[in-house]
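Working notes, beginning with the structure itself.
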Amino acid sequence: MKLKQYLWTADKGLAEADQVTVLDDPQLVLYFAAPKVMDDGKRFAELKQRFPGSHLVGCSTGGEILGEEVLDGTIAITAVRFEKGSIDVCGHALTEGESSLLAGKSLAGKLKQEGLKAVFVLSDGTKVNGSDLVEGIRSAVGDEVIITGGLAGDGADFKRTVVGCDCQPKEGMLAIIGFYGDAMHIRHGSFGGWDRFGPERIITKSEANVLYELDNEPALDLYKRYLGDEAARLPASALLFPLSVRMDANDKGDVVRTVVGIDEDKKSMIFAGDVQQGYSAQLMRGNFDHLVEGAQKAAEQAGGGNGPGLAILVSCIGRKLLLDQRIVEEVEAVAPVLGKEARLTGFYSYGEISPHGFTGKCELHNQTMTITLISEY
């Protein structure tokens with residue numbers, strides 16, 4: 001595996017981020033771009049000209065990661081050439097009224113299935129139900145295939161996210177990369193670090209990813225009570241108080257859900273993934289040190305030290321908003337665990353896709369640091 005990284009900034013344009021590696025013919029170019037940076041088509045045209053013959057896959061973000069830096073207003077770019085394994089890249093544009101479940105199934109079904117070991121997925125972050133998307137992908141590739149990825153971001157605005165798959169990035173787009181070959185090794189880790197607080201409540205009314213009531217009380221009213229003055233900044237301020245959702249008190253496979261929209265008229269909240277009626281839910285809040293420790297634990301799950309590798313970090317925009325000036329600490333905590341030969345890139349997302357650390361089942365997560373480590377040996 002050969003890797004070379006680049007960074008686009010408004011003042012310097014597209015420049016090499018490392019001066020060591022020479023890579024003329026990458027098969028894959030991954031890019032993670034700040035909102036609106038790709039909108040005029042010039043940046044995509046520049047990438048296409050710079051990397052002819054390469055698959056160009058990327059999305060908009062809530063912040064970009066390159067090396068040990070967390071950036072805003074940039075494009076973080078990593079060019080990859082696989083020397084022993086192979087890849088397949090496919091895209092899918094959502095159609096009017098198409099369910100996320102069917103979209104995921106259609107997307108993954110386009111891949112060559114023979115020898116498929118793992119997939120990495122990028123999805124529009126505001127037009128999909130992430131839980132259903134993952135379920136659709138899993139139904140197409142089977143439970144033995146590792147599924148990781150994330151939902152595109154739009155800063156903290158939740159208005160417009162875009163994904164590109166060998167095309168100008170656009171809304172309603174999904175992209176998937178399939179990895180093949182015995183020499184291809186995909187490892188992963190996912191961890192949160194948020195603390196539960198307050199009483200555990202029952203989801204008394206919900207439909208898919210829309211939450212109407214907790215303990216028979218309108219969900220939006222409950223959130224506003226906890227947020228106080230910050231309620232005026234909904235839905236962004238709700239990112240600081242995600243929900244832990246599980247079947248019951250004995251369920252170890254809980255998932256974290258974060259808000260992507262609200263409905264004032266219905267007093268409901270729209271989450272990135274399902275919030276099942278009858279399940280238990282508990283509010284969470286962040287602790288700076290625990291969040292950084294969580295990122296380190298995700299890296300420990302993924303492992304490292306097996307030669308050159310690409311580490312794709314997908315962390316949640318909620319973590320970035322809370323950690324603020326300390327956000328770089330979670331990336332700095334990850335880097336030494338993954339090893340000196342791992343190249344880091346990634347983005348801040350509206351949802352993270354990874355196998356659950358306890359159950360092993362692929363899930364949509366929120367408010368986690370999720371790491372996909374790709375290497376060949």
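The values are calculated or read from the model by the stated rules, or taken from the named source; none is laboratory data. Predicted model, so just to flag it, every value in this text is computed and none were measured. Here the Cβ is made from the backbone with ideal geometry for all residues, glycine too, and neighbour counts use every protein chain on show.
Worth pointing out:
- Taking segment 203-231 as the range and being surrounded by fewer than 18 Cβ atoms within 10 Å (Cβ to Cβ), in contact with a strand residue (DSSP E or B) (Cβ under 6 Å, 6 or more places away or on another chain) and free of Cβ contacts under 8 Å to residues at least 24 places away in the same chain as the test, the residues that pass are Asp215, Asn216.
- Selected residue [more than 30 Å from Thr204 (Cα to Cα) and within 17 Å of the chain's Cα centre (by Cα)] from Ile317, Ile312: Ile312
- Looking across segment 232-252, the residues that are touching a residue at least 40 places away in the same chain (Cβ under 8 Å), of a type in the set (A, V, I, L, M, F, W, C) and closer than 20 Å to Asn287 by Cα come down to Ala236, Leu239, Leu240, Phe241, Leu243, Val245.
- Residue match in segment 20-34 (condition: more than 20 Å from Val163 (Cβ to Cβ), in contact (Cβ under 8 Å) with a residue 40 or more places away in the chain and of a type in the set (Asp, Glu)): yes
- Single condition Gln277 does not satisfy, out of (1) surrounded by 17 or more Cβ atoms within 10 Å (Cβ to Cβ); (2) not assigned by TED's automatic domain parsing to the domain that holds Ile87: (1)
- Qualifying residue in segment 306-317 (condition: out of contact with any Gly (no Cβ under 9 Å at 6 or more places or on another chain), at pLDDT 95 or above and closer than 23 Å to Gly67 by Cβ): yes
- Among the candidates Ala219, Ala272, Ala236, Ala231, residue that is in contact with a helix residue (DSSP H, G or I) (Cβ under 6 Å, 6 or more places away or on another chain) and more than 15 Å from Asn129 (Cβ to Cβ): Ala231
- Residue that is surrounded by the most Cβ atoms within 10 Å (Cβ to Cβ), among those in segment 47-82 that are in contact with a strand residue (DSSP E or B) (Cβ under 6 Å, 6 or more places away or on another chain) and in a loop (DSSP other than H, G, I, E, B): Thr61
- Leading residue by the ranking (farthest from the chain's Cα centre (by Cα)) among those in segment 154-193 that are over 21 Å from Met1 (Cα atoms) and among the aromatic types (Phe, Trp, Tyr): Phe158
- Only one of the listed residues (Leu71, Leu101) is closer than 14 Å to Tyr348 by Cα, aliphatic (A, V, I, L, M) and not assigned by TED's automatic domain parsing to the domain that holds Ala272. That residue is Leu71.
- Only strands (runs of 3 or more DSSP E) whose full extent lies in segment 338-377 are considered here, and the ones with at least 2 residues that are among the small types (Gly, Ala, Ser), in contact (Cβ under 8 Å) with a residue 60 or more places away in the chain and surrounded by 24 or more Cβ atoms within 10 Å (Cβ to Cβ) are 342-349, 351-355.
- So Leu107, is it touching a residue at least 12 places away in the same chain (Cβ under 8 Å) and part of a strand (DSSP E or B): no
- Segment 232-267 - residue that is under 24 Å from the mean Cα position of the chain (by Cα) and small (Gly, Ala, Ser) and, of those, surrounded by the fewest Cβ atoms within 10 Å (Cβ to Cβ): Gly253
- Residues in segment 317-353 that are within 23 Å of Lys2 (Cβ to Cβ) and among the hydroxyl-bearing types (Ser, Thr, Tyr): Thr345 only.
- Selection of segment 163-195 for residues being basic (Lys, Arg) and either outside the structural domain of Ala152 (by TED's automatic domain parsing) or farther than 29 Å from Val292 by Cα (or both) yields only Lys170.
- Annotation: Gly309 fulfils all but one of (1) crowded, with 21+ Cβ neighbours inside 10 Å; (2) under 17 Å from Asp195 (Cα atoms); the unmet one is (2).
- The lone exception for Leu321 - which of (1) at pLDDT below 95; (2) crowded, with 20+ Cβ neighbours inside 10 Å it fails: (2)
- Test: residue in segment 4-15 that is over 21 Å from Glu352 (Cα atoms), basic (Lys, Arg) and surrounded by 17 or more Cβ atoms within 10 Å (Cβ to Cβ): yes
- Evaluated against (1) modelled with pLDDT under 95; (2) of a type in the set (D, E, K, R); (3) part of a helix (DSSP H, G or I), Arg43 falls short on exactly one condition, (1).
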